[in-house]
Amino acid sequence: MQITLEADYAVRIVMCLSKHTTKVGAKEISEKTEVTPRFSLKILRKLVAADIVKSYRGINGGYELAKDPSEITLCDVIETVEGSLFISRCLNPSFKCYHKSKYSGKCPVKKVYCEITQMVHDKLSEVTFADLISEI
């Protein structure tokens, strides 16, 4: 299992903004995170829509966190770009499992996948961006 490059970039972008107390321009964010300007803007739009980041237009525009870094978790950012975390597609409520009928309506691995997904979700929810920037 691996998070997407977009989620990794989103984490980098929020870390960059976490280190600043003032607005940061899109170009500077792109340069500091080594994410292309176009991809940075795509990710920033998602982060703004999720109320993680604020956007300011105009000559003095830029981006800043909408909340304190201690209030933003890795889970918040990753789920903003990835959607809900599932270790297997079978955990997604919209997925139609064709194996249930083989096991009397209960898939033997689904319970384990649920537990692993919950563990990953819980760990990502424990780590804030304040924690991450204090490490550097």
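Every read-out reported here was derived from the displayed coordinates using simple, explicitly stated rules and does not represent laboratory data. Predicted, not measured: the structure shown is a model, and the values here were computed from it. Cβ atoms come from the backbone with ideal geometry, glycine included; neighbour counts cover every protein chain shown.
Rounded to the nearest 500, the 222 nm mean residue ellipticity of the chain from helices alone is -15000 deg cm²/dmol, with -39,500 (n - 2.57) taken per DSSP H run of at least 4 residues. For the pair S70 and N92 in one chain, pulling the backbone fully straight at 0.36 nm per residue adds 5.0 nm over the alpha carbon distance.
Using 0.36 nm per residue of separation minus the Cα-Cα distance, give me the extension gain between I136 and K106 in nm, one decimal. Don't jump to the answer; show the numbers that get you there.
Values: separation 30, 0.36 × 30 = 10.80 nm, distance 4.61 nm.
In short, 6.2 nm is gained.
Pairs exceeding a 28 Å alpha-carbon distance, out of K32/K67; K46/K111; K19/K111; K19/K46; K46/K106; K46/K110: K46/K111; K19/K111; K46/K106; K46/K110. Shown is the FRET efficiency for K23 and I116, computed with R0 = 30 Å from the Cβ-Cβ distance and rounded to the nearest 0.05: 0.15. Diffusion of the chain by Stokes-Einstein, at 20 °C in a medium of 1.002 mPa s and with Rh set to the Kirkwood radius over alpha-carbon pairs, works out to 130 µm²/s.
Using +1 on the beta carbon of Lys and Arg, -1 on that of Asp and Glu, and nothing else charged, what's the dipole of the chain about the Cα centre, debye to 20? It would help to have the intermediate numbers written out before the result.
On the way: 20 positive and 17 negative charges, 166 e Å.
With Lys and Arg at +1 and Asp and Glu at -1, about 800 debye.
Can you give the longest stretch of the chain with no exposed loop site, where a site means GluC sites (Glu not before Pro) in a DSSP loop (not H, G, I, E or B) with at most 14 other C-beta atoms within 10 Å? The reported range is 35-134. Projecting the Cα atoms of S94, A10, I72 onto the charge dipole of the chain, computed from C-beta unit charges around the Cα centre, puts S94 farthest toward the positive end.
Within the same chain, aspartates and glutamates fewer than 8 places from K27 are excluded, and of the rest, those with a Cα less than 18 Å from its Cα are E6, E64.
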